[in-house]
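Step one of this worksheet: look at the structure below.
Any read-out appearing in this document is the output of simple, stated calculations on the displayed coordinates, not a laboratory observation. All figures in this text were calculated on a predicted structure; none of them were measured in a lab. Here the Cβ positions follow ideal geometry from the backbone for every residue, glycine too, while neighbour counts run over all protein chains shown.
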Amino acid sequence: MNIGEVAREAGLPAKTIRYYEEIGLIKPGRAGNGYRDYSDADVHSLAFLRRARNLGFSIEDCRQLMALYQDRSRASHDVRAIAVAHVDAIGAKIAELESMRRTLDKLIHACHGDHRPDCPILEDMAGEETASPV
């Protein structure tokens, strides 16, 4: 199967498939003419990678998950540990985003949004002390 066919079947752009090959996540065979020759197993691996990436796993996590998926003697706790670490990272990112939102909400509330040049939002970004809103 050529790269266009595998891209359609796996739901990934050809550029992504080439990148995954470049970094060693997949290793398609080669036809007699030297062109990549993807198998059904390659399509399955690429679909696996697409789903893992859609869940936000890093390339390194995907590499580990793919290795575990292919290892029939794997321990499920190894897979679970990767997923738990990822959920913890997501939680930390959510907390960081919520903190940014609270800060911006306060700054937006403090900004008069009128014709005057005073702007608590810009002052905060510049590290200047913001005067209390009057």
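Evaluated with a Cβ-only charge set (Lys, Arg +1; Asp, Glu -1), the chain carries a dipole of roughly 780 debye about its Cα centre, given to the nearest 20. Of the residues LEU12, LEU49, LEU104, the one that moves most in a GNM of the chain with alpha-carbon contacts below 10 Å is LEU104. Rounded to the nearest Å, what's the spacing between the alpha carbon centres of the range 8-29 and the range 36-80? Just the number, please. Comparing the Cα centres of the range 8-29 and the range 36-80, I get a distance of 13 Å. Straight Cα distances below 26 angstrom link LYS93 to the lysines LYS106, with same-chain residues fewer than 8 positions distant left out.
Taking Cα atoms only, the orientation of helix 76-110 departs from the longest principal axis of the chain by about 30 degrees. Distant-in-sequence amide contacts of ILE26, defined by a placed amide H-H separation under 5 Å and a gap of 5 or more residues or a different chain, comprise GLU21.
From zero up to wherever the largest Cα-Cα distance of the chain sits, split into 10 Å bins and tell me the percent of pairs in each. Percent of pairs per bin, in order: 10, 27, 18, 14, 15, 12, 4, 0.
If I build a Gaussian network model for the chain, linking alpha-carbon pairs within less than 10 angstrom, which residue out of ALA89, ALA52, ALA31 has the largest mean-square fluctuation? Greatest mean-square fluctuation among the candidates belongs to ALA31. Each of ARG51, ARG72 was scored by other Cβ atoms within 10 Å of its Cβ. Listed from fewest to most, they are ARG72, ARG51. Summed over qualifying helices (DSSP H, 4 residues or more, each -39500 (n - 2.57)) and divided by its residue number, the chain shows a 222 nm mean residue ellipticity of -20500 deg cm²/dmol. Set Lys and Arg Cβ to +1 and Asp and Glu Cβ to -1, take the dipole of the chain about its Cα centre, and tell me which of GLY91, ALA41, ILE59 lies farthest positive. Positive-end residue among those listed: ALA41.
Residues whose amide H falls under 5 Å from that of ASP37, counting only those 5 or more places apart or on a different chain, are GLY29, ARG30, ALA31, with hydrogens built in the peptide plane. Compared with the dominant principal axis of the Cα atoms in the chain, helix 59-70 is inclined by about 40°. For a straight C-alpha distance cut-off of 15 angstrom, the aspartates and glutamates reachable from LYS27 (same-chain residues fewer than eight places away being disregarded) are ASP37, ASP40, ASP42.
Not counting the cut sites, what is the longest span of the chain without GluC sites (Glu not before Pro) that DSSP labels loop and that have at most 13 other Cβ atoms within 10 Å? Between exposed loop sites, the widest span is 1-127.
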